Amino acid sequence: MPWLYRLRCFNCHTQYPAQTTNYRCEKCGGLLEISFQISGRKTPWKNRSLSVWKYRELLPIDNDQFITTLSEGGTGLHHCPRLGREIGLKRLYVKNEGENPTGSFKDRGMTVALSKARELGKRKVVCASTGNTAASLAAYSARAGLRCIVIVPKGKVAAGKMLQVMIHGASIFQVSGDFDEAMRAVVSLTGRRKGFYLMNSLNPFRLEGQKTLAYEVCDQLDGETPDSLVLPVGNGGNISAIWKGFSEFYTLGVTKTRPRMIGVQAENAAPIAKAVRRKEDKIQPVTNPRTIASAIRIGSPVNWTKVLPAINESHGTAETVSDKEILDAQRDLASKEGIFVEPASAASIAGLKKSRDAGRIDRSDLVVCVTTGHGLKDPSIADHLPHHESYTLKITQPNWIERLERIL
Ligand code: F0G
């Protein structure tokens, strides 16, 4: 059973009962969040194995019979000394979310939100997506036997993600704009038809699953907290969820500190990073966002009101990175540490490099970089890779062994 919780407006703090299905405050239109009564609680999960559901008491599902799972969470926290040395860090870890069942961090949120959808008796679930949310929702809907509808920007979703959505049997609608257009369509559909349940990160139940990344990192570091946590930012659901997770562990007394949250965006899709760097309290949406990191090609992030406080309260910062920096970081992580991530995820490594070079992160800091999605999702990146000399070598050539030795 979960501990006692309610919904609360992030903006005006109006409280709503646990069964509320709205995602915005009726009074001020602010985003809702789940608020647990946790102070003074003892944590019972010490001897359970690492996974999202390890932290059952902090997940707002009332009845276990509705839990829909594919074994999400429990992803590796990999020490990366070779890349760390290159970046100039003594302790660099990568929390590799590509190890989740559908290959991205979305599964953490989806197991909780899908379970909630079932608990609320919903039969049709819907999302807008740059690909990973759609892939995850499609898989969890198939698992639960719910109808799944995804709206995606036409021609802008990586091939692996489209394949996932199709194989899991979801209905796909394509809009001929960008992600922000797809998001507007989903908000309009779910606003007009109560039978369709919105599964984007506007849904506060989804963020409850995603916050477990913070719990896992603390557990994997034996109660130590990173000095900085670096991650890519699109809509901003993940960074705000993870900040909530660290804050809950801090309030519970499990940890003594909280990390600085460092959000990374692609330079032509960076409304949040720009607002942070200019110390503004509002974002300016970007029209026609562009980046090779299609997962975070977002100009109007729906969770921006939650993101700015997460970065500011944590004394964090935000970085912007170019496509070239993203591709270089993707190759570095794959070739130096054996971890293959999609471009959006590599943005966190690229952003970390920049933060370190600019002296915003200390050499002695304990840094955790979150890589959000698996590299196999986006095979189009192969076109950007240089071919090794051995690629053109033919073993029909008489002296091919000598040539091979020379190349190596
Ligand atoms: N990294 C990856 C691989 C993503 O797919 C996303 C978001 C993010 C980072 C950013 O996370 O939106 O919580 O700030 N993908 C969404 C999708 C938009 O539809 O799959 P965020």
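Taken together, the values in this text are just the output of simple stated rules run on the coordinates, not laboratory data. Nothing here was measured: the structure is a model prediction, and the numbers come from that model. In this analysis, Cβ positions are derived from the backbone assuming ideal geometry, glycine residues included, and neighbour counts consider all displayed protein chains.
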Self-check item: FRET efficiency for ALA185 and LYS156, using Cβ-Cβ distance with R0 set to 22 Å, rounded to 0.05
Solution: 0.95
Quiz item: Got a sec? Which residues in region 365-399 would a label at ALA334 touch, if it sits 7 Å along Cα→Cβ and we count backbone N under 12 Å?
Solution: 374-388
Quiz item: Could you give me the ³J(HN,Hα) list for region 52-66, computed from phi with Karplus coefficients 6.51, -1.76, 1.60 and θ = phi - 60°, whole Hz, x at Gly and Pro?
Solution: 4, 7, 3, 9, 3, 5, 9, 10, x, 10, 7, 10, 3, 5, 8
Self-check item: Overall dimensions of region 235-281 as given by Cα atoms, namely Rg and Dmax in Å
Solution: 13.2, 40
Quiz item: What full-extension length gain, to one decimal in nm, is calculated for ASN399 and CYS28 as 0.36 nm per residue of separation minus the Cα-Cα distance?
Solution: 126.0 nm
Quiz prompt | Calculated [θ] (222 nm, deg cm²/dmol) that DSSP helices of n ≥ 4 give over the chain, each run adding -39,500 (n - 2.57) | solution = -10500 deg cm²/dmol
Quiz item: How much length is gained if the chain between TRP3 and ARG192 is pulled fully straight, taking 0.36 nm per residue apart and subtracting their Cα-Cα distance, in nm to one decimal?
Solution: 64.8 nm
Practice problem: Give the calculated FRET efficiency between ASN288 and ILE407 to the nearest 0.05, with a Förster radius of 35 Å applied to their Cβ-Cβ distance. | Solution: 0.20
Self-check item: Average Cα contact separation per residue, the chain, under 8 Å, 6 or more apart, as relative contact order %
Solution: 17 percent
Quiz item: What is the extension gain from LYS279 to SER49, computed as 0.36 nm multiplied by their sequence separation minus the C-alpha to C-alpha distance, in nm to one decimal?
Solution: 78.7 nm
Quiz item: What residues have an amide H closer than 5 Å to that of THR317, excluding those fewer than 5 places away on the same chain, when H is modeled at 1.01 Å from N in the peptide plane?
Solution: MET261, ILE262, GLY263
Exercise. With a Förster radius of 25 Å, plug the Cβ-Cβ distance of SER364 and GLU313 into 1/(1 + (r/R0)^6) and report the FRET value to the nearest 0.05.
Key: 0.60
Quiz prompt | Low-density loop positions, trypsin sites (Lys or Arg not before Pro), region 156-187 - DSSP coil, at most 10 other Cβ in 10 Å | solution = none
Quiz item: List the trypsin sites (Lys or Arg not before Pro) in region 349-408 that DSSP assigns to loop (not H, G, I, E or B) and whose Cβ has at most 10 other Cβ atoms within 10 Å. Which are they?
Solution: LYS394
Self-check item: Distance (nanometres) between label positions extended 7 Å along Cα→Cβ at SER171 and HIS387
Solution: 4.5 nm
Quiz item: Which whole-Hz ³J(HN,Hα) couplings does region 194-203 yield from phi under the Karplus relation 6.51 cos²θ - 1.76 cosθ + 1.60, θ = phi - 60°, glycine and proline marked x?
Solution: 5, x, 9, 9, 7, 10, 6, 6, 5, 6
Quiz item: How about region 222-318: which trypsin sites (Lys or Arg not before Pro) there are in a DSSP loop, with at most 11 other Cβ atoms within 10 Å of their Cβ?
Solution: LYS256, ARG278, LYS279, LYS282
Practice problem: Within the set of other residues whose C-beta is less than 10 Å from the C-beta of SER201, count the net charge using Lys and Arg as +1 and Asp and Glu as -1. | Solution: +3
Exercise. May I ask for the net charge around LEU333, where only other residues with Cβ less than 12 Å from the Cβ of LEU333 are counted and Lys, Arg are +1 while Asp, Glu are -1?
Key: -1
Quiz item: Based on the Kirkwood radius over alpha-carbon pairs, what is the Stokes-Einstein translational diffusion coefficient of region 161-299 at 37 °C with 0.692 mPa s viscosity, in µm²/s?
Solution: 192 µm²/s
